[in-house]
Amino acid sequence: MLRDGPSVLAVGPHVDDVELGCGGSLLRFKREFRATVHVAVFSDHYQEPTYVDRKREAERAGELFGYDTLEILDHKDTEFPQEELKIQERLRRLRRELQPDLVLAPNPSDTHQDHRVLADCAIREFRYGEVLWHYEINQFGVPNRLRANTFVSLDGSTVGPDPESLSIGQDSLPAHILSAGGMNYAKLKVVLAYEAMVSQRNKPLLDPELMLAVMRVRAIQRDNQAGYCEAFSGRINV
């Protein structure tokens, strides 16, 4: 299959996992390497403590991040272990339909059962020459279990969104993030994720300064030459 750039498939258990775990890398892959970006979200809602339909947030993220395709499935939040066979079958169809070069999936050592199930299904399915990277989602109150060995720098300058197109006001984010002269992929990820994930803006994982701090720490672990990075546990077949 002839392509202009690589075909990248990112799979997320829930709405916002892809954006938080690898959103900056997807932005860079698409803008710098002309990648075709496919995203599949396996649960479109938040179950506890109250049910929240998050399909529109997923669609908004797809628009903002510029995904070429977006599939939103309705597996029940927190119950992926009972749905594992169906999840495996859907990944198989995605592999055959998209023939991705790079697959981004959750961390198989994550403490959340939905993340572990999707990661394990990806490991079983994408072993036919695809490159498979596992991204991190930091859960509060538990250790980070990602064994990072792959880092993507997010320092490159890029064009940010028109502030007039956003629902968040200028005062919603720290001024240095929205500064027109200093937009990079890390800051753009923060802005777009915060804009899309309306129901989660009060959650720690969507705190703009915390998101940048995690990416800054990963840059130090990489080589301290980059300002911001996303980290992955990578498997590469050559």
(request) Please work out if ALA10 is in contact (Cβ under 8 Å) with a residue 12 or more places away in the chain and touching a Cys at 6+ places or on another chain (Cβ under 8 Å). (result) yes
(message) If I ask for residues that are among the small types (Gly, Ala, Ser) and out of contact with any strand residue (DSSP E or B) (no Cβ under 7 Å at 6 or more places or on another chain), which ones from segment 80-117 would you list?
(response) SER109
(message) Restricting to segment 21-35, count the residues that are closer than 14 Å to MET215 by Cα and either out of contact with any helix residue (DSSP H, G or I) (no Cβ under 6 Å at 6 or more places or on another chain) or not in a helix (DSSP H, G or I) (or both).
(response) 3
(request) Just name the residue that is nearest to PRO108 (Cα to Cα) out of those in segment 1-19 that are surrounded by fewer than 24 Cβ atoms within 10 Å (Cβ to Cβ) and touching a helix residue (DSSP H, G or I) at 6+ places or on another chain (Cβ under 7 Å). (result) SER7
(request) Could you check how many residues of segment 203-238 are under 17 Å from TYR135 (Cα atoms) and either among the hydroxyl-bearing types (Ser, Thr, Tyr) or outside any helix (DSSP H, G or I) (or both)? (result) 9
(request) Look through segment 119-137, keep the residues that are out of contact with any His (no Cβ under 8 Å at 6 or more places or on another chain) and under 18 Å from GLY23 (Cα atoms), and return whichever of them is surrounded by the fewest Cβ atoms within 10 Å (Cβ to Cβ). (result) VAL131
(request) Give just the number: which of (1) in contact with a helix residue (DSSP H, G or I) (Cβ under 6 Å, 6 or more places away or on another chain); (2) closer than 29 Å to GLN225 by Cα; (3) surrounded by 11 or more Cβ atoms within 10 Å (Cβ to Cβ); (4) at pLDDT below 95 does PHE140 not satisfy? (result) (3)
(message) Please go through segment 135-171 and give me each residue that is in contact with a Lys or Arg (Cβ under 8 Å, 6 or more places away or on another chain) and not in a loop (DSSP other than H, G, I, E, B), ordered by number.
(response) PHE151, VAL152, SER153
(request) State whether the residues of segment 72-79 include one that is modelled with pLDDT of 95 or more, on the phi < 0 side of the Ramachandran plot and basic (Lys, Arg). (result) no
(request) Identify, from the list TYR194, TYR185, TYR228, the residue that is among the hydroxyl-bearing types (Ser, Thr, Tyr) and in contact with a strand residue (DSSP E or B) (Cβ under 8 Å, 6 or more places away or on another chain). (result) TYR228
(request) Would you mind finding the one in SER43, SER7 that is farther than 17 Å from GLY66 by Cβ and modelled with pLDDT of 95 or more? (result) SER43
(request) Please work out which one of (1) in contact (Cβ under 8 Å) with a residue 60 or more places away in the chain; (2) surrounded by fewer than 20 Cβ atoms within 10 Å (Cβ to Cβ) is the condition GLN47 fails and give its number. (result) (1)
(request) Could you tell me which residue of segment 176-194 is farthest from GLU32 (Cα to Cα), considering only residues that are of a type outside the set (A, V, I, L, M, F, W, C) and within 15 Å of the chain's Cα centre (by Cα)? (result) TYR194
(message) Please go through segment 203-225 and give me each residue that is out of contact with any strand residue (DSSP E or B) (no Cβ under 9 Å at 6 or more places or on another chain) and either crowded, with 16+ Cβ neighbours inside 10 Å or on the phi > 0 side of the Ramachandran plot (or both), ordered by number.
(response) LEU205, LEU206, PRO208, MET211, LEU212, ASN224
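The values are calculated or read from the model by the stated rules, or taken from the named source; none is laboratory data. Here the structure is a predicted model, which is why all the values come from computation and not from measurement. No Cβ is skipped: glycine too gets one built from the backbone with ideal geometry, and neighbour counts run over all protein chains shown.
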